[in-house]
Amino acid sequence: MTGEGIRAAEPGPGQRTDPADVIARAAARGWMLATAESLTAGAVVARLVDVPGASAVIAGGAACYSLSAKTRVLGVDADELAETGAVTSHVAAAMAAGALSLYDADLAVSTTGVAGPGPDARGVPEGTVHLGIARRGGAVSTRELRLSGGRGEIRAQSVDAAITMLAQALAE
């Protein structure tokens with residue numbers, strides 16, 4: 001597992017990666033995509049399936065909000081979750097790897113974080129977000145973000161960042 005494993009440039013302020021680009025790149029490679037979402041609760045996969053033709057490349061998406069769902073559905077270690085909570089890079093990596101396995105996908109992205117208001121029960125600040133990306137037969141990478149705004153804004157920015165992360169991984 002590596003941190004900051006993304007090499008391509010990110011969109012600037014106010015710019016978003018077009019989900020249609022992600023779908024087209026995955027289709028060109030013949031890859032299936034999956035998501036594992038906590039903070040975004042399925043919004044990443046929803047944005048992707050808004051694109052016509054997405055059914056050819058979207059294997060599925062798991063919205064696992066509770067700790068027990070992360071364990072039961074994605075295989076995230078329950079002891080680790082009890083010790084560290086869900087908002088860590090390691091949990092983001094485990095969620096992405098779990099989605100990759102669950103859906104037999106080629107590429108999976110995960111989101112976990114604190115949308116607010118305020119910090120979580122462990123004191124993790126509002127706007128702390130961890131994304132993970134797992135590639136079949138490859139390394140799992142993570143990225144930590146510090147976002148600002150209200151709950152909806154943080155979640156929307158997280159969706160955009162996850163889609164950008166998928167696009168970057170597909171461009172490698």
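The values are calculated or read from the model by the stated rules, or taken from the named source; none is laboratory data. What you are looking at is a predicted structure, and each value in this text was computed from that prediction instead of being measured. Here Cβ is always computed from backbone atoms with ideal geometry, including for glycine, and neighbour counts include all displayed protein chains.
Restricting attention to the range 137-163, the residues that are part of a helix (DSSP H, G or I), of a type in the set (S, T, N, Q) and buried (at least 23 other Cβ atoms within 10 Å of the Cβ) total 1.
Just for the range 115-136: of the residues that are part of a strand (DSSP E or B) and either modelled with pLDDT under 95 or not aliphatic (A, V, I, L, M) (or both), which one is surrounded by the most Cβ atoms within 10 Å (Cβ to Cβ)? The qualifying residue surrounded by the most Cβ atoms within 10 Å (Cβ to Cβ) is GLY132. For the range 14-39, filtering for residues that are under 20 Å from THR142 (Cβ atoms) and surrounded by fewer than 14 Cβ atoms within 10 Å (Cβ to Cβ) leaves 0.
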